[in-house]
Each structure stands twice: as structure tokens, then as C-alpha cells.
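**Student:** Can you read through this structure? Questions will come right after.
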Amino acid sequence: MAITNTQQGVITEAEFAKIAILTSNGRLVPTRALADDDRRDFEIHIRRHFRESLAVQVKTTKQLRLHGRSRVLQINFRVKAPLVSDEHLYYFLAHFDIKAMGYTDPVFLVPSPFFHKHAVHLVSRGIIQLQFKASMEPNAKGMWTPFASPQAELGARILEILKSGFSVQLGLAPTVAELIGLPGVVWLQRPMPAPASRRSLAA
């Protein structure tokens with residue numbers, strides 16, 4: 001007897017949280033959303049750092065498709081309009097191997113603005129059909145490849161995103177963003193954004 005979609009969701013979300021915690025050496029704290037109105041399964045922050053957080057929606061499949069000799073991860077799902085794109089919202093997409101009782105490498109962590117731009121498949125009567133289709137092969141080259149990583153690097157990837165969020169949002173120099181993200185550093189005053197170059201102002 002196959003597991004139900006509800007059981008699949010519970011199992012794969014728990015697996016995501018486990019991997020995020022273990023591969024970050026316990027620095028990441030994934031918290032489940034009590035209400036999924038905003039279409040996210042977890043809010044993640046760095047332990048003892050509460051200013052920045054990352055919302056993650058987990059989408060998985062139990063089967064891989066074959067395209068020639070290549071394994072392809074394809075995930076289809078529907079949502080009600082409108083789509084909300086935010087740099088703090090990411091999609092985690094992966095194949096869950098029932099026999100191995102775990103994810104198959106690579107897994108994908110994609111920012112929602114990019115995902116919504118390239119994954120919209122069909123829009124009808126207020127319902128949006130999204131389709132994610134990416135090669136699972138090590139030598140793959142496609143638009144989703146930059147977002148692929150082994151499970152063992154997931155924690156480091158999320159930490160990188162959370163730390164870089166300071167520089168992305170505030171225009172801080174990378175060194176300042178790195179200092180703020182260090183354990184034990186207390187942010188006493190909002191840093192001033194780095195001055196924009198003449199080229200960026202002209203744009």
C-alpha cells in the first residue's frame with residue numbers, strides 16, 4: 001500500500017527540517033508555520049539571530065522521470081492567484097526515495113521570484129499551474145542548475161542566503177554583512193547603506 005499525499009508531506013517536511021539542522025551544525029532553526037495562508041511550510045532563522053528569516057515551501061515527488069538516459073525531476077502543483085514573489089521566500093524541490101527513506105541528490109533551493117518567472121505553466125480561472133522540470137545528472141546544464149546542491153550543503157546554502165540578505169536589502173559592503181552574521185555579534189545600530197556608484201545611479 002502506497003503512502004498518501006498527506007503522509008508524504010509530513011515525512012518530507014520533517015526530512016527537510018532534519019537536514020537543515022544537521023548540515024548547519026545546529027545553527028539553523030526551522031519553525032513550522034501554524035497557518036499556511038502564505039504558502040510556506042517553514043520560517044528559518046539563524047539561532048540567536050532573529051532579524052532575518054527565510055520562508056521555505058517544500059515540494060517533493062516520489063518518482064523521477066527518464067529523458068533518454070537522464071533522470072529528470074518534475075514537480076507539478078497548483079495555487080490560487082495571485083502568486084506572491086518575495087526574496088525571502090524560497091522553494092525547496094526534491095525527489096524523495098521511499099525505499100532509501102531519504103532525498104536523492106541533488107536537491108534544489110530556488111528563490112520565488114525566479115521560480116514564478118520560469119515555472120508558470122498554465123493560468124485558468126484564477127488557478128495557476130506551475131511545473132518544475134530539472135535534470136538530476138551531475139553534468140546538467142540548465143536554468144535550474146545554479147540552484148542545485150547536495151543535501152550535505154543545504155545548511156551552508158541557507159546560511160549563505162540569510163547572511164547575504166543584509167547586503168542585498170541594505171546595500172551593505174560584503175564585509176559588513178559577514179560581520180553582522182557572525183555568532184555573538186549584536187547589531188546595536190542600523191548600518192548605513194554603501195553609497196551607490198554613478199553607474200548604478202544613472203541606470
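**Student:** Show me 79-90, 151-162, 21-32, 60-71 ranked by packing, highest mean number of other Cβ atoms within 10 Å first.
**Tutor:** Packing proxy ranking, top to bottom: 151-162, 21-32, 79-90, 60-71.
**Student:** Report the extension gain between Lys62 and Thr31 in nm, rounded to one decimal, defined as 0.36 nm multiplied by the number of residues separating them, less their alpha carbon distance. Please report the intermediate quantities before stating the final value.
**Tutor:** On the way: separation 31, 0.36 × 31 = 11.16 nm, distance 2.43 nm.
Extra length from Lys62 to Thr31 when fully extended: 8.7 nm.
**Student:** With just the Cα atoms defining each centre, how far is the range 107-165 from the range 65-88? Give it in Å.
**Tutor:** Their Cα centres are 8 Å away from one another.
**Student:** Now for a different question. Report the FRET efficiency, 1/(1 + (r/R0)^6), for Arg71 and Gln7, where r is their Cβ-Cβ distance and R0 is 25 Å, rounded to 0.05.
**Tutor:** Details: r = 24 Å, r/R0 = 0.96.
Taking R0 as 25 Å, the efficiency between Arg71 and Gln7 is 0.55.
**Student:** Using a basic spin-label model with each label point 7 Å from the Cα along Cα→Cβ, how many nm lie between Val120 and Asp105?
**Tutor:** In this crude label model, Val120 to Asp105 measures out at 3.6 nm.
**Student:** What list of whole percents do you get for P(r) of the range 5-150, with Cα-Cα distances grouped in 10 Å bins up to the one holding the largest distance?
**Tutor:** Spelled out per bin, shortest first, that is 10, 40, 38, 11, 1.
**Student:** Quick one: which of Lys59/Lys80; Lys18/Lys117; Lys62/Lys117 span more than 21 angstrom between C-alpha atoms?
**Tutor:** Result: Lys18/Lys117; Lys62/Lys117 exceed 21 Å.
Read-outs: derived from the displayed coordinates by stated rules, not from any lab. These numbers come from a predicted model, not from an experiment. Note that each Cβ is placed from the backbone with ideal geometry, even for glycine, and that neighbours are counted across all protein chains shown.
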